[in-house]
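This report concerns only the one structure given below.
The values are calculated or read from the model by the stated rules, or taken from the named source; none is laboratory data. Source: prediction; values computed, not measured. Positions of Cβ are generated from backbone atoms using ideal geometry, with glycine treated the same way; all protein chains shown enter the neighbour counts.
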Amino acid sequence: MRAPRRDDLVAGVRAGDRALLARAITLVESALPAHATLAQEVLGQLLPDTGGALRIGISGVPGVGKSTFIDAFGTLLTEAGHRVAVLAVDPTSSVSGGSILGDKTRMQRLARDARAYIRPSPTSGSLGGVARKSRETLLLCEAAGFDVVLVETVGVGQSETVVSEMVDFYLVLMLAGAGDELQGIKRGILEVADMLAINKADGDNVLAAERAKRDYAAALHLMRGARAGWQPPVQTCSGRSGEGLAEIWAEMLRYREEETRAGRFAARREDQQVRWLWSLVDEGVKSRLRGSPEQRARLAALEAAVRSGETTAVAAAARVLATLGLR
Ligand code: GDP
């Protein structure tokens, strides 16, 4: 497939043309150097058109009801006139070769919705690579006029940290368990959550969900104390019945309003950009250091020398940096 011309891509994405948006995303995801160059040119031109969406991360363990929730939540938003893009960051997809998240068949209503766009997780590369592609895809979606971007991820491993680094608001979906609500709490998740929602609060599950809500609220309070600024709310909801979804959206809007007024909304994005810069530098340095088989062999020898005590770590690090022309 021949790549479209740069100007056509830029104009197409700006005009919200779905086919050209998809082509641009494919370029961003491509491993071919020529595609990468073109993708960077397109992104560079579109940068002034980005930044306009509310970026929302949504995570939870498999089976918590993410796709059902996003289908219903996204539909609520498109019915209110929003344009919603759904992206996925799925660290398991690069291992299994198949993406579990962001699959259109899991979001039947949104998949047919002209105001929504669903993009499954890129399937190749490390989590860092997947995250980088997703960040750039997010920018393309903003340039295409989507004003809400939902980034779905599983609440396992490192992906929640990676996703929290690219969104404005991080919603964690939880389930009410059988009396052991707090056992499943992962500290890392609570630290990045801007809101917790106890999902599947419907039918026989309503009471248990209410109880879990109180327990989680208490745990969050203990953990975060009376920290200044945004206190993550805890709420019950049901992706199936739609209960609680409008309230969750209202909290997101309240968050944006309060944090913007306090100057923290923009600051969070700025901090993310700076950390992103350094993670790209780190990644670039490491991949340059390991660029050739000879380099990799030299590094392995150096590691062995450090391990045996023949060389100190400090001296070895200086030698590694010297190969980059750095001291
Ligand atoms: P995901 O793996 O997190 O994307 O979860 P799914 O959305 O695929 O849902 C997993 C299972 O839970 C499916 O069998 C759904 O029908 C069910 N489910 C999802 N949301 C709800 C809900 O709000 N209430 C109830 N009772 N079941 C739900």
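Here Leu222 meets each of (1) part of a helix (DSSP H, G or I); (2) surrounded by 13 or more Cβ atoms within 10 Å (Cβ to Cβ); (3) more than 16 Å from the ligand (Cβ to nearest atom); (4) modelled with pLDDT under 90 with one exception, condition (2). Restricting Thr260, Thr236 to residues that are modelled with pLDDT of 95 or more and out of contact with any strand residue (DSSP E or B) (no Cβ under 7 Å at 6 or more places or on another chain) narrows the list to Thr260. Before we move on, is Glu243 in a loop (DSSP other than H, G, I, E, B), within 15 Å of the ligand (Cβ to nearest atom) and either without any contact (Cβ under 8 Å) to a residue 24 or more places away in the chain or acidic (Asp, Glu) (or both)? When the stated conditions are applied, Glu243 passes them. Tell me whether the range 111-131 contains one or more residues that are modelled with pLDDT of 85 or more, closer than 21 Å to Glu251 by Cβ and either more than 13 Å from the ligand (Cβ to nearest atom) or buried (at least 19 other Cβ atoms within 10 Å of the Cβ) (or both). Within the range 111-131, none of the residues are modelled with pLDDT of 85 or more, closer than 21 Å to Glu251 by Cβ and either more than 13 Å from the ligand (Cβ to nearest atom) or buried (at least 19 other Cβ atoms within 10 Å of the Cβ) (or both). If the condition is being part of a loop (DSSP other than H, G, I, E, B), within 36 Å of the chain's Cα centre (by Cα) and over 28 Å from Arg132 (Cα atoms), then the range 297-327 contributes only Arg327.
Does Thr68 satisfy the criteria of being surrounded by fewer than 20 Cβ atoms within 10 Å (Cβ to Cβ) and either touching a residue at least 40 places away in the same chain (Cβ under 8 Å) or in contact with a Gly (Cβ under 6 Å, 6 or more places away or on another chain) (or both)? Yes; evaluated as a whole, the condition is true for this residue. For the range 23-37, the candidate set comprises residues that are in contact (Cβ under 8 Å) with a residue 24 or more places away in the chain and within 14 Å of Lys133 (Cα to Cα); within that set, the residue that is surrounded by the most Cβ atoms within 10 Å (Cβ to Cβ) is Ala24.
Within the range 269-296, if we keep just the residues that are aliphatic (A, V, I, L, M) and more than 23 Å from the chain's Cα centre (by Cα), the residue that is surrounded by the most Cβ atoms within 10 Å (Cβ to Cβ) turns out to be Leu289. When each of Ala178, Ala197 is tested for being within 16 Å of the ligand (Cβ to nearest atom), among the small types (Gly, Ala, Ser) and modelled with pLDDT of 95 or more, the lone residue that passes is Ala197. Specify the residue that is modelled with the lowest pLDDT; the eligible residues are those in the range 97-110 that are in contact with a helix residue (DSSP H, G or I) (Cβ under 6 Å, 6 or more places away or on another chain) and outside any helix (DSSP H, G or I). Among them, the one singled out is Ser99. Taken residue by residue, the range 165-172 has at least one member that is within 13 Å of the chain's Cα centre (by Cα), at pLDDT 95 or above and in a loop (DSSP other than H, G, I, E, B).
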